[in-house]
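A short write-up of the structure that comes next.
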Amino acid sequence: LTPNDVPLSSVTSLAADSRGRLWLSDRKLGALSWGGDGLTTVAAPSGASGAAPNFVYVDRGDRLWVGFQGATVAVIEEGKETKVHALGSGVGSVLTAVYEDRHGAVWVGGTRGLARIRDDSVDVVSQPDRLPGHGVFAITEDADGRIWLGVSSGVVRLKVSDFEQAARQSQSQLSYRLYDASDGLGGVPARQGFPGAVRAADGTLWFNTSLGANVI
């Protein structure tokens, strides 16, 4: 696949929509689309002009989410105006994980923290003061609706309500459970692609770490 005879060389993420169109991000070429019309470039919105894309992601409503360097996320939906969310410095300039939960909220991890986008509002909890580690590299959800994160120091489990309280009350500490080598975790989650974690049909959670796959 080559747009304008320039070969793909640094693909960071892939996503597909229900119409069979493939979306991908390339560090050098930007966000791209592959379909019946070949490989085409996705124009970056004005709020992210000139920034490299960190990921592409398609939600259950077939909307395309593109995360850009500088903690900016664009939501592209056919026939509608593109929405741009500025997550702020509390997440970090590089976006490293993305996940849509059961309620349709989209969680985004960065090199400095965690953000949630819901109903056009953004909530953020930063590291390392309120969330352990340096970087959120994986996000998934268990059968009870709790959020699980892969961070540089291990795997974190937290309740959505606790995240909301910490994000909206500056003096409130985030309540969480950290799993690390003492719990049997092999290696540590690292920035090695999207997604960094998935939930299987039997409820087990799979995390990609520096030593391979870990199952919780």
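Tabulated data for the structure shown
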read-out: Residue among LEU24, LEU64, LEU39 that alone is over 17 Å from the mean Cα position of the chain (by Cα) and open to solvent by less than 60 Å² (accessible area, probe 1.4 Å); value: LEU39
read-out: Unique match (being under 24 Å from ARG118 (Cβ atoms), in contact with a His (Cβ under 8 Å, 6 or more places away or on another chain) and open to solvent by less than 60 Å² (accessible area, probe 1.4 Å)) among VAL156, VAL151, VAL160; value: VAL151
read-out: Only one of GLY187, GLY154 that is modelled with pLDDT under 95 and on the phi > 0 side of the Ramachandran plot; value: GLY187
read-out: Whichever residue in the range 201-216 is among the hydrophobic types (A, V, I, L, M, F, W, C) and surrounded by 13 or more Cβ atoms within 10 Å (Cβ to Cβ) and, among such residues, is farthest from ALA15 (Cα to Cα); value: ILE216
read-out: The range 123-166 - residue that is polar (S, T, N, Q) and part of a strand (DSSP E or B) and, of those, nearest to VAL198 (Cα to Cα); value: THR140
read-out: Subset of the range 120-140 (residues that are among the hydroxyl-bearing types (Ser, Thr, Tyr) and under 15 Å from VAL155 (Cβ atoms)); value: THR140
read-out: Condition check for VAL198: touching a Gly at 6+ places or on another chain (Cβ under 7 Å), open to solvent by 30 Å² or more (accessible area, probe 1.4 Å) and within 30 Å of ALA16 (Cβ to Cβ); value: no
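The values are calculated or read from the model by the stated rules, or taken from the named source; none is laboratory data. The shown structure was predicted, so the numbers you read here are calculated from the model rather than taken from an experiment. All Cβ positions, glycine included, derive from the backbone under ideal geometry; neighbour counts span all protein chains shown. These accessible areas exclude ligands, DNA and RNA; they are computed on the full protein's heavy atoms, side chains included. Shrake-Rupley method; radii C 1.70, N 1.55, O 1.52, S 1.80 Å.
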